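Each reported figure results from applying straightforward, stated rules to the coordinates on display, with no laboratory input. The model shown is predicted, which means the values in this text are computed figures rather than measured ones. Counting neighbours? That spans all protein chains shown, and the Cβs are built from the backbone with ideal geometry, glycine included.
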Amino acid sequence: MWAFPRGTGRVIANLVAPPFPPELLRTAATTAIEAAIHAGAEWADIRVGEERTLSIFGHGGELQLGCGYSLRVRVGGAEAFVTGADPTIVDITTAAQRAVATAKSLVPTAAGTTDTLAKVPVVKGEWRVPMAIDPFAISIDDHVAAQVSSDGEFDRHLFRFQQLENGMAGASCRWKQGTKVFASSDGSLVTQYLTTVEPHAEVRLGWPWRAHPGEPFSLFGMKSVVPCSGGFEMITHPDRYAYMQARAEELLSYTALPAVPLEIGRQDVVLDGDLHGQLIGTVIVPTLSLNRALGNEIDVGGTSLFSPPESMRGQAVLPALLSCRAAPDAPHYGAAAWDDEGVATTPSPLIVDGVLTNYLASRATAAFHGERNVGPLPGITQSQLGALPTELPPCVAVAPANGASSIAELCKQMGNGILALSGYVSTDPSGLGGYIYPWMMLEVRQGTVTRRLYGQRMMYSTKRIFKTLTALGDAGTQYTAVCREFSPGVPWVNLTHAVSAPAALYHNIDIVPSHMQS
């Protein structure tokens, strides 16, 4: 990791060069495929890439570099894979030979296996995330300057937070840029240049201002400046600072409200777009995996709301209010032209008016279950560096309500209940339920926020909670929540995906004691 203080002046690209240029990555990928076939593989594919992560704070920036590869081979019905962090020619050739040797040793156990891969077109070419300004082609000083308003007004709001007891505040931004190469023995070879940004403006308020001491509450929620794919221009939207100032004033007003403990029981709840996206991304999206719906991950990923796939596709499985789609197109978070199996990505409906339309299928599960049962292959698999492809799209978009429906209007519709702002959602290993941890809870009486609440959390049952969905917010309440799952084969690697969702009103949510209360 490299640290660059404010005042460095030089552009990022001139400070630290990428560890592996695209030409070397392509050579490594094709060399691995050739080595695998020469060693006896009947089929092979590989993902190889490098990634730079730039974190910007008020005092400067930090840069981390990473690289890796994951190779799959098939021999006589048996499959083996190998991953590594050093995509040099020597290392990757040795890895290919080792993978083939492992697959050959598994052939006796795969006798009679008819596993195949869904046929896809051979693809070749390059693709780059559309951008006007490359964030790695500007200076640290320019990055730092973009975190605060030019007139310093947002800085003054943050300073006011810092004057509160145990108050901390600041703005930051994390950029990820990298090159990914996919190659297969079918003849595919594609190179993609990907860039994502996760902007943050956070306030940390300790007791007595916070229900859960020390946890951050995100100020960010502006529709045009959310985690996304694109260049430096994505965070310099002219309305950004005005929004942040207005939101800071709103949050400062909440600190003046009386705080009372939240009573255990059941309450109607309005979740903002961030929390609702976390809920969808934790509960629904992973269980749309066909591999999981077939029961192949019951001991690892858990069960699925959408099993068995033979009878669930085409059925109403969720409220008619809910529609979502895989969204691999820019500027959605994680946008790409091809997925990590070389399949062209297309925006694909998953749930339409509550009806299960498509599963998230890989080439293997699509071939196993048949296109008739899973729908067209949407190109949704992704992986982190050095991990296998997973049936998890980089971004899923939930459709907002058609009419005007702000958070304030949802609160009026609710009447009495709780407004929950930002936070995170957990799930148990079986996928049957979990907890919602809002970072700020507000009491709503007769449609108006009256007091701050603390001391409890929300518990949900996976089967029950979505049946209680009552209303959705409009596009103005939309936020892109970044979620993280474990990668198969390398569970120590987090796989990032995102859900763009509107705010939502849920009925009769369980309020239970929190282990985090002071």
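Here are the numbers for this structure:
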{"item": "Net length gained if the chain between Thr94 and Val355 were fully extended (0.36 nm per residue, minus Cα distance)", "result": "89.2 nm"}
{"item": "Neighbour-count order for Thr88, Thr345, Thr109, fewest beta carbons within 10 angstrom listed first", "result": "Thr109, Thr88, Thr345"}
{"item": "Simple label model, 7 Å out from Cα along Cβ direction - Ala316 to Lys119, nm", "result": "3.9"}
{"item": "Distance between modelled label sites at Arg266 and Asn296, nm, 7 Å Cα→Cβ extension", "result": "3.9"}
{"item": "Leu294, Leu419 arranged by Cβ crowding within 10 Å, fewest neighbours leading", "result": "Leu294, Leu419"}
{"item": "Computed lengthening from Ala85 to Asp134, 0.36 nm per intervening residue step minus Cα-Cα distance", "result": "15.0 nm"}
{"item": "For peptides 71-83, 276-288, sequence by mean Cβ density within 10 Å, most packed first", "result": "276-288, 71-83"}
{"item": "Alpha carbon Rg of the stretch 259-513, scaled by the compact-globule rule 2.2 N^0.38 Å", "result": "1.00"}
{"item": "Note, ³J(HN,Hα) from phi for the stretch 129-135, Karplus 6.51, -1.76, 1.60, rounded to Hz, x at Gly and Pro", "result": "4, x, 7, 9, 10, 6, x"}
{"item": "Ranking of Ser304, Ser514 by count of other Cβ atoms within 10 Å, fewest first", "result": "Ser514, Ser304"}
{"item": "Positive-end residue, the stretch 1-115 charge dipole about Cα centroid, Cβ charges, pick of Gln97, Trp2, Ala35", "result": "Trp2"}
{"item": "Segment Ala408-Arg10, length gained on full extension (0.36 nm per residue, minus Cα span)", "result": "138.7 nm"}
{"item": "Ranked packing of 4-12, 308-316, 174-182, most packed first, by mean Cβ within 10 Å", "result": "174-182, 4-12, 308-316"}
{"item": "Above-threshold pairs, the threshold being 31 Å between Cα atoms, out of Lys124/Lys176; Lys176/Lys463; Lys180/Lys463; Lys412/Lys467", "result": "Lys176/Lys463; Lys180/Lys463"}
{"item": "Interchain or long-range residues, amide H under 5 Å from Gly231's placed H", "result": "Ala132, Ile133"}
{"item": "Inter-label distance for Leu252 and His237, nm, one decimal - labels placed 7 Å from Cα along Cα-to-Cβ", "result": "2.3"}
